[in-house]
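The values are calculated or read from the model by the stated rules, or taken from the named source; none is laboratory data. Keep in mind that this is a model prediction, so the values were computed, not measured. Reconstructed Cβ throughout: ideal geometry from the backbone, glycine too, with neighbour counts over all protein chains shown.
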Amino acid sequence: MTLHAGCRETTTYIPAINDLAARAMPKPVVDLDKCTGCGTCASSCPQGVLEVKEGKAQVVNPDACIGCRVCESVCPAGAIKVTD
Ligand code: SF4
Ligand code: SF4
C-alpha cells in the first residue's frame, strides 16, 4: 500500500503523541514499605483510583486520576507520591 506523505507522518506521530499523553497523566505511586494499609487514601480519593488490598494501598484505576493530590496530603505515613 502506498501511503500519502501525510499518512506516513501521522502513523509516526500518533504513537509518539499517545506515549507523551500517557507520560503526562498524573498517577499515584505507593511506597509499599511505608504504607500501613489504613485506607485513608482510598476513602479520600474522589475518583476511586485507590483500594486497599492485602493490607496495602493499590492503584486500581490509574487512568481516572485527576492529579488532585488529595491522597498525597491525607496519607499519614507519607507513602504516596503523585507523578505528573
Ligand atoms: S493513606 Fe497512606 S498508609 Fe494509608 S493506605 Fe493509603 S498509602 Fe497506605
Ligand atoms: S491524585 Fe487525586 S484522583 Fe489521583 S489518586 Fe490521588 S486523590 Fe485520587
Qualifying positions in segment 72-81 - within 10 Å of ligand 2 (Cβ to nearest atom) and surrounded by 18 or more Cβ atoms within 10 Å (Cβ to Cβ) = Cys75, Ile80
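Among the residues of segment 22-37, which ones are in contact with a strand residue (DSSP E or B) (Cβ under 8 Å, 6 or more places away or on another chain) and either more than 8 Å from ligand 2 (Cβ to nearest atom) or not in a strand (DSSP E or B) (or both)?
So the first thing to find is which residues in segment 22-37 are in contact with a strand residue (DSSP E or B) (Cβ under 8 Å, 6 or more places away or on another chain), and the list is 26-32, 35, 37.
Listed by number, the residues that qualify are Pro26, Val29, Val30, Asp31, Leu32, Cys35, Gly37.
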Which of the residues that make up segment 43-58 are within 11 Å of ligand 2 (Cβ to nearest atom) and over 14 Å from the mean Cα position of the chain (by Cα)?
-> Ser43, Ser44
So which pairs qualify, if the first residue must be in segment 55-84 and farther than 12 Å from Pro26 by Cα and aromatic (Phe, Trp, Tyr), the second must be modelled with pLDDT of 95 or more and surrounded by 15 or more Cβ atoms within 10 Å (Cβ to Cβ), the Cβ gap must be under 7 Å, and the two must be at least 6 apart or on different chains?
-> none
Go through segment 59-71 and count every residue that is over 13 Å from the mean Cα position of the chain (by Cα) and exposed (fewer than 15 other Cβ atoms within 10 Å of the Cβ).
-> 0
Evaluate the following for Ala77: is it modelled with pLDDT of 95 or more and assigned to a loop (DSSP other than H, G, I, E, B)?
-> yes
